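Only one structure is covered here, and it is reproduced in the block below.
No lab work stands behind these numbers, since they all come straight from the coordinates. Bear in mind the structure is a predicted one, so any value in this text is a computation, not a measurement. Cβ placement follows ideal geometry from the backbone for every residue including glycine, while neighbour counts extend to all protein chains displayed.
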Amino acid sequence: MPGTLVPPWWTQAEPQQSAVILASFCWGFTMALAVFCCTKAFSQTNRAWRRSHHLGTYIIMVWLLATANIVVAPLLSGLRQLIPSSFWYLFFMLCLWTIEVQCLTQIMVNRISLLLYKPAEIRRLKISVAVIIAIINVTVFIVWIPARLQISTLWIRANAVWDRIEKCLFLLVDLALNVKFMWLIKSQLIAQGLTQYKRVYRFNLLMVGVSISLDVAIIALMSLPEDCVYIQVHALAYMVKLYIEMNLAELMGKVIKKSNRNRNECVAMDGWHPDQGRRAGEERMTAALVGQPGKADLHSNAEEEEKDIGTVGASLDEEETWEAYSRSEPNK
């Protein structure tokens, strides 16, 4: 029986057995990775809550993205053949997809905001990315639903073109955000002698390759006769991207913890730090992560940094670093 707004001529495409098997493997990998993502998300949430009894925007976005992906994955695999197509089914799927895209891009923006020192610049970046993604989301609602309902061949052809353009736009946004983050790491931290952040730079460089490869694979799979493989790989790709972001957040916390421990040992032994530029850079990074705008000022003088180095650095352990990252409010 046709669902809401489904025309009488609508037909259900029967995928080939090989495509169904491949899509099932992708669904299995998605669910297995979801276990690791939820485990890590629970650990990060537990640490943030234990320290401050507060869940920041980062934690909320992680859970929204993970939940949306877990719900979408089975709806795109086996249950897709059991649930009759209708306007409300397609609308619900697009709402979940919108949550995935918006949360993923804002998690990336949150990571970049830790390295920006002007609140106005952070707000512009967050709003700009959100507006760009929202415009793309709206256009997909307009084109994709009529095409899936098979309203006319015109909508189907338009969706075949726009779907690829939209995926390319997301690829460019993903690449631009990651390139900006790597440029900030290299220009504001590594260039000042903070060589420990090379780990973050190299890890992010490797993960950019993985992320972009997944986007390219999604676009390539759209050319297959059956769309079940492309749709399921899409869910897998977003779960992989989430896992990458969570691991990158933890790596940043570990690097900053080690950086502050080494700096405090040097201060305790000698009473001064041998590399003034390095200390200034670490102080700014620490201030950004713990949400103290006064210490994140690029133009703060050496005397103020000397005074604060013991109090800020000595009190910053791994959990406090993670709490600051999860609060996602470094410059307020």
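Key figures
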read-out	value
Karplus-derived 3J(HN,Hα), 6.51/-1.76/1.60, for each residue of the range 93-104, Hz, glycine and proline x	5, 5, 4, 5, 5, 4, 4, 4, 5, 5, 5, 5
Cα gyration tensor shape of the range 97-248, rounded if a/c is under 1.5, else prolate or oblate by comparing a/b with b/c	prolate
Summed residue charge, Cβ within 12 Å of Leu169's Cβ, Lys/Arg positive, Asp/Glu negative	-2
Cα-Cα separations in the range 1-127 greater than 17 Å, expressed as whole percent	70
Cys168 versus Thr11: modelled label distance in nm, points set 7 Å from Cα along the beta carbon direction	3.1
Number of Lys pairs (Cα under 16 Å; 8 or more positions apart or on different chains) in the range 126-255	5
Simple spin-label estimate for Glu250 and Ile156 in nanometres, 7 Å along Cα-Cβ	4.7
